[in-house]
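One structure below.
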Amino acid sequence: MIEQNVSLKPYNTFGLNVQAKLMARVHSIPSLQEVLADIKLKNEERFILGGGSNLLLTKNIDGLVIKNELLGIALIKETDDFFFVQSGAGVVWHELVMHCIAHGYAGIENLSLIPGNVGAAPMQNIGAYGVELKDVFHSLEAVEMTTGKVETFLATDCEFGYRESVFKRKLKGQFIISSVTLRLSKKPNFNTSYGAIEEELELLGISSPTLKDVSQAVINIRQSKLPDPKVLGNSGSFFKNPVVATALYEELKAKHPTIPGYPAGDETKLAAGWLIEQCGWKGKVVGNTGSHAKQALVLVNYGNATGVEIFNLSEQIMQSVYDTFGVQLEREVNVY
Ligand code: FAD
Ligand code: NAP
């Protein structure tokens with residue numbers, strides 16, 4: 001069934017009240033193919049919606065929103081070392097993480113509590129606490145928008161990078177991801193050295209952690225630092241951490257000795273949150289929006305913000321970081 005004039009407020013974590021002219025919820029590949037082939041919808045602009053947690057909607061959608069609700073998690077193969085787990089694109093990412101932990105499938109425990117759906121995870125190669133989707137990714141299936149044909153993409157086809165993939169670049173808007181298959185380990189290889197995970201495990205009195213313990217530590221840290229979108233509208237990190245030439249980092253370090261920098265291949269990754277904070281934005285309220293008091297990288301909606309207001313704030317922040325450090329920030333959030 002095609003719904004008309006739908007408010008997208010409940011479907012985006014910024015809580016922005018924009019309208020979609022049409023919306024179709026798809027629960028299977030055939031139902032998706034049917035929508036794509038529907039002659040009455042042929043000329044409508046199409047917009048794919050997952051959990052709406054990486055979106056800034058600045059205007060109404062004068063077309064068809066396809067809400068991906070393909071469910072199901074299945075163990076499709078097992079080898080001596082690995083479990084291959086396939087998940088429908090409409091499964092909530094954190095539910096997949098919890099399912100894997102409960103079954104002893106290791107590798108995504110550091111990615112606990114990331115909002116959104118499985119289908120969007122490859123879009124920006126989601127990452128947190130030193131783990132990225134690409135580390136456990138096996139393949140995905142996606143439906144071509146114009147033909148309805150199902151294609152398989154292996155990791156190399158996805159061109160994963162730092163919060164990047166081919167689906168955000170060359171193939172933008174061309175495919176709807178319908179399922180994702182992960183290759184998860186039978187023997188956990190814990191990655192607890194990143195951020196405050198070790199500290200949190202110590203606080204919990206845990207010296208030999210299980211998958212569940214690591215997940216819980218990550219959940220605790222995230223809940224203590226990040227605003228819950230149900231309480232305060234936001235889309236997580238609004239900007240990517242800029243990766244710059246190491247020579248530029250050294251120059252910046254000479255001027256700003258406390259600037260954090262992390263090796264990223266031959267280059268150096270800066271912390272966008274730190275740069276924004278140094279420019280005085282952390283905790284600043286601008287009209288109905290602002291930069292969050294505990295994490296400057298997160299822009300928030302204090303209730304009545306519009307997407308344009310949040311976009312304008314992001315422009316101001318980008319300009320002041322550029323003026324102060326000569327570093328160009330790039331938005332991580334998908335702006336429509
Ligand atoms: P949506 O916002 O619905 O869509 C994002 C983009 O993907 C859009 O362009 C959409 O058109 C497209 N898309 C969605 N589904 C499909 C599909 N099936 N096929 C093709 N295109 C599709 N991200 C991280 O990487 N790490 C984090 O730690 C993290 N923490 C966050 C914390 C908070 C509090 C919030 C609000 C966000 C956070 N994010 C994080 C960002 C976000 O959760 C992820 O990017 C997530 O993968 C987005 O999923 P979604 O289903 O909500 O995508
Ligand atoms: P944090 O721990 O305060 O660290 C600030 C930044 O420094 C992070 O962005 C992180 O980069 C980088 N960093 C810290 N320790 C590092 C290390 N050992 N090696 C390399 N880089 C390091 O960050 P936070 O805001 O609380 O977030 C914690 C994790 O959750 C991060 O991985 C972050 O990406 C993720 N997160 C993502 C979003 C999102 O919307 N994308 C939102 C919230 C949290 P990285 O970002 O590259 O990891």
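FYI, it's all coordinate maths here, none of it is from the lab. None of these values were measured; they are calculated from a predicted model. Cβ sites come from the backbone with ideal geometry, for glycine too, and all protein chains shown count toward neighbours.
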Between the stretch 24-44 and the stretch 179-225, the Cα center-to-center distance that results, in Å: 40
Neighbourhood charge, 13 Å Cβ-Cβ cut-off, centred on Asn334 and excluding it, Lys, Arg +1 and Asp, Glu -1: +3
Exposure proxy order (Cβ contacts within 10 Å, fewest to most) of Thr147, Thr192: Thr147, Thr192
Label-to-label distance, nm, for residues given as Asn288 and His256 (7 Å Cα→Cβ offset): 3.1
Ranked Ile39, Ile2, criterion: other C-beta atoms within 10 Å, fewest first: Ile39, Ile2
Other-chain or far-sequence residues with amide H under 5 Å of Ile48's (modelled H): Ile66
27 Å Cα-Cα threshold exceeded, pairs from Lys59/Lys134; Lys9/Lys294; Lys170/Lys255; Lys21/Lys294: Lys59/Lys134; Lys170/Lys255; Lys21/Lys294
Relative contact order (%) - the chain, alpha-carbon pairs under 8 angstrom, separation at least six: 16
Stretch gain in nm, segment Glu45-Thr246, where the contour uses 0.36 nm per residue and the Cα spacing is subtracted: 68.1 nm
Trypsin sites (Lys or Arg not before Pro) restricted to DSSP loop in the stretch 221-258 with at most 13 other C-beta within 10 Å: Lys230
